[in-house]
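The block underneath contains the structure these notes are about, expressed in structure tokens.
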Amino acid sequence: MERLILTGNEAIARGALAAGASVITGYPGTPSTGCIGSIIGEDLPGRHVEWSVNEKVAFEIATGAAWAGHRAMCTMKMSGLNVAYDAVISVAYSGTNGGLVVYVADDPGASAGMAEQDTRGFAIISDL
């Protein structure tokens, strides 16, 4: 087995690939940028990796793949969850046919951005 030294974001991306995610979408924003950024240029046959126009679109593309029975992941920073939340809460209650991971990176202390937000409450409210 090959040993790698990875950041948390890189490990999440590699984990999604190892788990068979065929669609990985996101919107760039620190602290989550490194997740897709670490794999977007790679040759990944049979897989679709993209930066979307915003977080809601990224979530909806990943959701479409999951509704079609594929495994998918969507990444965003905490402020992006605010953009995508109306779609997220609807899908949380309707479910998917495949697998869907939503990776949201918080920024405690606002060290990388202008806002500090704890998104764990969203998961509780959404029954995720």
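The values are calculated or read from the model by the stated rules, or taken from the named source; none is laboratory data. Remember, it's a predicted structure, so these values are computed and weren't measured experimentally. Heads up, the Cβs are rebuilt from the backbone with ideal geometry, glycines too, and the neighbour counts pull from every protein chain shown.
List of remarks:
- Test: Gly69 is under 16 Å from Val23 (Cβ atoms), among the small types (Gly, Ala, Ser) and within 15 Å of the chain's Cα centre (by Cα): no
- Residue that is surrounded by the most Cβ atoms within 10 Å (Cβ to Cβ) [pool: residues in region 39-55 that are farther than 14 Å from Ala21 by Cβ and at pLDDT below 95]: Gly41
- Checking Asp43 against (1) closer than 23 Å to Ser111 by Cα; (2) more than 13 Å from the chain's Cα centre (by Cα), the condition it does not meet: (1)
- Candidate set: region 1-38, residues that are among the charged types (D, E, K, R) and modelled with pLDDT of 95 or more; chosen: the one farthest from Glu116 (Cα to Cα): Arg14
- Tally, over region 91-118, of residues that are surrounded by 10 or more Cβ atoms within 10 Å (Cβ to Cβ) and more than 26 Å from Ser22 (Cα to Cα): 9
- The set of residues in region 86-112 being in contact with a helix residue (DSSP H, G or I) (Cβ under 7 Å, 6 or more places away or on another chain) and not aliphatic (A, V, I, L, M) consists of Thr96, Asn97, Gly98, Gly99, Tyr103, Asp106, Asp107.
- Single match in Ala123, Ala105, Ala110, Ala84 (criterion: touching a Lys or Arg at 6+ places or on another chain (Cβ under 9 Å) and modelled with pLDDT under 95): Ala105
- Put simply, of Ile36, Ile12 the only residue that is more than 17 Å from Gly99 (Cβ to Cβ), touching a Phe, Trp or Tyr at 6+ places or on another chain (Cβ under 7 Å) and of a type outside the set (Lys, Arg) is Ile36.
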